[in-house]
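Down below is the structure, laid out as structure tokens.
The values are calculated or read from the model by the stated rules, or taken from the named source; none is laboratory data. Note that the structure is a prediction, hence the values are computed from the model and not measured. Don't worry about glycine lacking a Cβ; one is built from the backbone with ideal geometry, like all the others, and counts go over all protein chains shown.
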């Protein structure tokens, strides 16, 4: 099937609109762990004009504002923007697309995107727009999820579904971009005109009472992962959950309440400067 950017855009928009209300209590418990190092990578400090691109419910922008930055958020999901505006009414959140943001050249001192760029149908176009919107010397930083060898939570879920379901059962359109590794990110930054590029691995721990909670968080708070999980037959879900529970056992932490899972997660933080 040929790549259809508009099909990707509509799939992602629908998925994030659906996930918006549940995001804070589900997937944000993973993504928020990487906000501080993302802001550090972009060099954000007091007085900076910052764009939070693919801002979702606004957590990154709020953290930048706490550093004294002047923040604007942009997202194509109206449901995510509703959540953001309720939580952080002092931040300007705009509706728009990362491939065609409604801002003038050199509008920002820094641009950040926390797990957003790889959901854009044409990330190269989004990066070109970021370059355009930055002032000379301005910093850009974004995150993508690391591969399964580093990102154990994802590895466990894909393994369980691979054993007892079908990881390819979703009708989701193929994603665009091809941002899967640090090398991909560095190449894309260079091709977009950024200099002093770099990428590093950042690690976290995703805590859940049990494997059912981990799976439920991905199902409630994501778009593409949720589509994969939703596509599994109901009859297969007990076996998938049982396999996930068994595979997650090495990451169970004992405690008086029965303990919890402490599963390693990891992302790539990539950054560059507009010359």
Has segment 151-173 got any residue that is in a helix (DSSP H, G or I), free of Cβ contacts under 8 Å to residues at least 60 places away in the same chain, in contact with a strand residue (DSSP E or B) (Cβ under 9 Å, 6 or more places away or on another chain) and loosely packed, with under 15 Cβ neighbours inside 10 Å?
no
First in segment 20-42 and surrounded by 21 or more Cβ atoms within 10 Å (Cβ to Cβ), second anywhere and assigned to a loop (DSSP other than H, G, I, E, B), Cβ under 6 Å, 6 or more apart
23/57; 27/222; 31/115
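Could you tell me how many of the residues in segment 114-130 are on the phi < 0 side of the Ramachandran plot, touching a helix residue (DSSP H, G or I) at 6+ places or on another chain (Cβ under 8 Å) and not in a helix (DSSP H, G or I)?
If we filter segment 114-130 for residues that are on the phi < 0 side of the Ramachandran plot, which is where we start, we get 114, 116-130.
This time we only want the ones that are touching a helix residue (DSSP H, G or I) at 6+ places or on another chain (Cβ under 8 Å), so: 114, 117, 119-124, 126-127.
With not in a helix (DSSP H, G or I) added as a condition, the list becomes 114, 120-122.
Residues meeting the conditions: 4.
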Check segment 199-213 and report whether any residue there is assigned to a strand (DSSP E or B), in contact with a strand residue (DSSP E or B) (Cβ under 9 Å, 6 or more places away or on another chain) and either at positive phi or modelled with pLDDT under 95 (or both).
no
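Would you be able to tell me the number of residues in segment 181-198 that are surrounded by 18 or more Cβ atoms within 10 Å (Cβ to Cβ), over 14 Å from residue 144 (Cβ atoms) and under 21 Å from the mean Cα position of the chain (by Cα)?
1
Does segment 131-147 contain any residue that is part of a loop (DSSP other than H, G, I, E, B) and at positive phi? I'd like the intermediate steps shown before the answer.
Restricting attention to segment 131-147, the residues satisfying the condition of being part of a loop (DSSP other than H, G, I, E, B) are 146-147.
Retained after the next criterion (residues that are at positive phi): none.
No, there is no match, as no residue in segment 131-147 is part of a loop (DSSP other than H, G, I, E, B) and at positive phi.
Here are some residues: 192, 188, 220, 171. Which one is under 19 Å from residue 19 (Cβ atoms) and at pLDDT 95 or above?
Working: 192 fails: under 19 Å from residue 19 (Cβ atoms); 188 fails: under 19 Å from residue 19 (Cβ atoms); 171 fails: at pLDDT 95 or above.
That would be 220, the only listed residue that is under 19 Å from residue 19 (Cβ atoms) and at pLDDT 95 or above.
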In this structure, does residue 220 turn out to be out of contact with any strand residue (DSSP E or B) (no Cβ under 6 Å at 6 or more places or on another chain), in a loop (DSSP other than H, G, I, E, B) and either surrounded by 15 or more Cβ atoms within 10 Å (Cβ to Cβ) or in contact (Cβ under 8 Å) with a residue 40 or more places away in the chain (or both)?
no
Sort out which residues of segment 250-269 are surrounded by fewer than 16 Cβ atoms within 10 Å (Cβ to Cβ) and farther than 30 Å from residue 183 by Cα, and write them in order of number.
250, 253, 254, 255, 256, 257, 258, 259
Hey, any hits in segment 133-143 for a residue that's under 30 Å from residue 2 (Cβ atoms), surrounded by fewer than 20 Cβ atoms within 10 Å (Cβ to Cβ), touching a residue at least 60 places away in the same chain (Cβ under 8 Å) and within 16 Å of the chain's Cα centre (by Cα)?
no
